[in-house]
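Each remark here refers to the structure printed beneath this line.
The values are calculated or read from the model by the stated rules, or taken from the named source; none is laboratory data. Because the structure is a prediction, the values reported are computed rather than measured. In this analysis, Cβ positions are derived from the backbone assuming ideal geometry, glycine residues included, and neighbour counts consider all displayed protein chains. SASA here: full protein model, heavy atoms, side chains in, ligands and nucleic acids out. Shrake-Rupley method; radii C 1.70, N 1.55, O 1.52, S 1.80 Å.
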Amino acid sequence: MTPFRSDELAGRLFIVEGIDGSGKSTQLDLLHKWLVSEGYLVVFSEWNSSPIVKGTTRRGKKRHLLSPMSFSLIHAADFANRIHAQILPALQAGAIVLADRYACTAFARDAVRGVSRPWLHRLYSFAVKPTVAFYFDVPLEEAINRITEGRPTFKYYEAGLDLHLSDEPEESFRLYQGLIQKEYEQMLDEFALVKMDATEPLVVQQRKMRDIVRPHLAGVKRADSGGVQEALHEAGLRGRYLEEAARRKDVQA
Amino acid sequence: MTAIRFFGEPPPNISGETLPGRLIVVEGTDGVGRSTHISLLKEWLEDRGVAVLDTGLTRSELAGPGIKRAKQGHTLDPFTLNLFYATDFWDRLERQIVPALRAGMVALADRYIFSLIARAAVRGVPLEWMENLYGFALVPDKVIYLDVDVEQLLPRVIGSTGFDYWESGQDFLRGPDVYHTFVEYQTRLLFEFRYLASRHQFGVIDARGDIPEVFRSIRYEIEPVIASMGADEAPLPRAKRSRARTTT
């Protein structure tokens, strides 16, 4: 039993979890493109992206103001805002929502900082239960190699330097990710995480992911493109201003 | 010395110590006169030789500016708003209140978790969720609750700030005009406050009287808390113990 709300919603919610460097974002991005090409209405939600809250998170990170509890609370605020302003309405409208990281990310990161697990589970009880939750499992060393390759510096909280595991950022990052991985492993059953072998070739992972997602798509609304592509084709246009207009919309939102 | 006590599970890093200071909270709805009495109280405490930290909602370095900005947009669901307030609350607890208590000061809080719980309750947020959220809050040594009826609030509010969007519950109530939503909202809020007052043994002060009378009652409530710190003796004010008011 997960602590999440499980209302009957018209849409579907697919989420990915895993440590940094597990390749989950790459796989979710491929899934996104596939679902769009299949004509589904897809909404993508990213961790730490609430327009109302993320400024405060950034402020806290920049000034090193975040303690374990404030780190936990501000991320919960960001998540709550995305649930209520973005994820839930989209699901009610029958869309497919893809989330890169979900509540388990908070559970893992906060628990390794000493925050009570039962408290966290009750705190996140407003979260919608995912249709499928994928966990990208990767050996720690491989994930570290993927991340450290060509990256000279780590940010303070990203490396878990606030946990004082090591003064050396790369070593701190390694220890921090190891602790998070242990938390994930303990959550597999409780949160029905579907384990993906993240060491397999990317195409193989993506094929498996689509096979798991496909049966859940029955009866889901497909987007009506509005015929833009058709209009472009008919008039021999390339639509060079459409992209600009979409960008403007993004900025406004 | 008072052993540190929390409403729920202790938060990481600050459990199991004893704090020589005292935490005094002044609660009450908008326009009830909290800031006036806190100003008087601060001076009175300092005259008694007690060092005072005063703090209030949205005054944290971390989340204060963000909350003010967010409330201008008027598009917040109650969960996000409450988590935002909780971030602000925790930041002040950890970085202002607890250090002050460690140093033996009186921390004087203008509103505490009770205002936040009352506001959330009238907006339909489950009480259990709010109580779990604020499990990390320190149990105050004294909560002073300034109690009035809506009829007394009206002239005060009109005479000062006017009807504020949030203080009239306009984010979730619909009514023919601001006056009606204000009355409706504050009536519901007072109901929640009075419930919390009996549940958490607030020192309930009848705030319908004039300022000297109310302030005498407040001093009467606080005197034992201050005396237990070994502060200079002061003659007790003559006010009768204020009676708890019944819910209307």
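Once the Cβ-Cβ distance of A:N145 and B:A51 is raised to the sixth power relative to R0 = 41 Å, the FRET efficiency obtained is 0.15. Working note: 222 nm ellipticity from helices only, DSSP H runs with n ≥ 4, each -39,500 (n - 2.57), summed and divided by the residues of chain A, gives -14500 deg cm²/dmol to the nearest 500. Contact residues in the range B:44-80 (at least 30 Å² less accessible area with all protein chains than alone, 1.4 Å probe): B:E61, B:L62, B:D77, B:F79, B:T80. Where in chain B lies the longest segment free of GluC sites (Glu not before Pro) that are both loop residues by DSSP (not H, G, I, E, B) and have at most 13 other Cβ atoms within 10 Å? That gives B:18-232 as the longest site-free run. Sketch the reach of a paramagnetic label on A:Q186 as a point 7 Å from Cα along Cα-to-Cβ, and name the residues of the range A:99-126 whose backbone nitrogen lies under 16 Å away. Taking a point 7 Å out along Cα→Cβ of A:Q186, the residues of the range A:99-126 whose backbone N falls under 16 Å are A:104-122.
Please find the FRET efficiency linking A:E243 to A:S6, where r is the Cβ-Cβ separation and R0 is fixed at 30 Å, and quote it to the nearest 0.05.
The value I calculate is 0.20.
If I build a Gaussian network model for chain A, linking alpha-carbon pairs within less than 10 angstrom, which residue out of A:H75, A:H216, A:H64 has the largest mean-square fluctuation? Among A:H75, A:H216, A:H64, the largest GNM mean-square fluctuation belongs to A:H64. The amide H of B:L53, built 1.01 Å from its N in the peptide plane, has B:V106, B:A107, B:L108 as neighbours under 5 Å, considering only residues 5 or more places off or on other chains. Residue separation of B:E131 and B:F6 scaled by 0.36 nm, minus their Cα-Cα distance, works out to 43.9 nm of gained length.
Within chain A, the longest segment free of exposed loop sites, counting GluC sites (Glu not before Pro) that fall outside DSSP classes H, G, I, E and B and have at most 14 other Cβ atoms within 10 Å, spans A:9-148. Put simply, the amide H of A:M196, placed in the peptide plane, has neighbours under 5 Å in A:Y135, A:F136, A:D137, leaving out anything fewer than 5 places away on its chain. For the range B:150-228, applying the loop criterion from DSSP together with a ceiling of 15 other beta carbons within 10 Å to the trypsin sites (Lys or Arg not before Pro) yields B:R174, B:R208.
Dividing the summed -39500 (n - 2.57) terms of all DSSP H runs of n ≥ 4 by the residue count of chain B sets its mean residue ellipticity at 222 nm at -14000 deg cm²/dmol.
With the simple spin-label model, which puts each label point 7 Å out from Cα in the Cβ direction, the A:L30 to A:N48 separation comes to 2.6 nm. Carbon-plus-sulfur accessible fraction, the protein assembly as shown (probe radius 1.4 Å, protein heavy atoms only): 51%.
Excluding ligands, DNA and RNA, the accessible surface per residue across chain A is 50 Å² with a 1.4 Å probe.
With just the Cα atoms defining each centre, how far is the range A:55-94 from the range B:196-216? Give it in Å. The range A:55-94 and the range B:196-216 have Cα centres separated by 37 Å.
Note on chain A: GNM, Cα springs under 10 Å; of A:K54, A:K155, A:K24, the largest mean-square fluctuation is that of A:K155.
Our estimate of slack between B:D206 and B:A231, defined as 0.36 nm per intervening residue step minus the Cα-Cα distance, is 6.3 nm.
Using the Karplus relation 6.51 cos²θ - 1.76 cosθ + 1.60 with θ = phi - 60°, the per-residue 3J(HN,Hα) values for the range B:9-14 come to 5, x, x, x, 5, 10 Hz, with x marking Gly and Pro. Take chain A, connect every pair of alpha-carbon atoms lying under 10 Å apart with a spring to form a Gaussian network, then pick out the residue of A:S25, A:S45, A:S116 with the largest mean-square fluctuation. Its mean-square fluctuation being the largest, the pick is A:S116. With θ taken as phi - 60° and the Karplus curve 6.51 cos²θ - 1.76 cosθ + 1.60 applied, the whole-hertz 3J(HN,Hα) list for the range A:194-200 is 8, 7, 10, 7, 7, 9, 6 Hz, x standing for glycine and proline. For the range B:8-25 and the range A:202-217, compute the distance between their C-alpha centroids and round to whole Å. Using only Cα atoms, the two centres lie 50 Å from each other. The interface between chain B and chain A buries about 2300 Å² of solvent-accessible area in total (1.4 Å probe, ligands and nucleic acids excluded). Straightening the chain between B:V139 and B:Q152 buys 1.7 nm, computed as 0.36 nm per residue apart minus the Cα-Cα spacing.
Only helices reaching 18 angstrom along their own axis (Cα) with mean Kyte-Doolittle hydropathy no lower than 0.0 count here, and for the DSSP H runs of chain A these are A:68-82. Among the trypsin sites (Lys or Arg not before Pro) in the range A:58-153, those located in a DSSP loop and surrounded by at most 11 other Cβ atoms within 10 Å of their own Cβ are A:R63.
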